[in-house]
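Below is one structure, written out as structure tokens; the observations come after it.
What follows is calculated from the coordinates using simple rules that are stated; it is not laboratory data. Treat the numbers as computed from the prediction; the structure is a model and nothing was measured. Glycine gets a Cβ as well: all are built from the backbone with ideal geometry, and neighbour counts include every protein chain shown.
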Ligand code: FES
């Protein structure tokens, strides 16, 4: 079972194949996600500090748009956790004072 670590905060085990945005949310990390996991809003973006994830998809490249964002971030709604990961969550609901949107589909 892979372990997800949110840098300087907490670690938790998740079922292999779990969407990262859901793994974060279900383990008490208030990651923002406004578009329901449709790769449109980019609020769910994370930095991958350590670990392997699938290559960035065309949908993510299109959503992130800016080369510096594409280099730095991935969309947690587009990543299925397959192995241990350490991430930095870019936007948190309690900091941005924004209510997350609909729950992304598993
Ligand atoms: S891009 Fe909107 S929830 Fe991931």
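Return the single residue from 28, 36, 17 with maximal mean-square fluctuation; model: Gaussian network over the chain, springs between Cα atoms under 10 Å.
28
I need the shape label for the chain. Rule: rounded when a/c is under 1.5, else prolate if a/b > b/c, else oblate, with a, b, c from the alpha carbon gyration tensor.
rounded
For a test of the definition: using alpha carbon positions, the gyration tensor, and the 1.5 limit on a/c, classify the stretch 57-103 as rounded, prolate or oblate.
oblate
For residue 3 and residue 70, compute 0.36 nm times the residue count separating them, minus their Cα-Cα distance, and round to one decimal in nm.
Here the answer is 21.7 nm.
Please give the Cα centre distance for the stretch 21-46 versus the stretch 47-106, rounded to the nearest Å.
What the calculation gives is 7 Å, centre to centre.
Mean residue ellipticity at 222 nm from the helices of the chain, using -39,500 (n - 2.57) per DSSP H segment of n ≥ 4 over the full residue count, to the nearest 500 deg cm²/dmol?
-5000 deg cm²/dmol
Would you list 44, 77 from fewest to most Cβ contacts within 10 Å?
77, 44
If I take every Cα pair under 8 Å that is 6 or more residues apart in the stretch 3-96, average their sequence separation and divide by the length, what percent do I get for the relative contact order?
So the answer I get is 43 percent.
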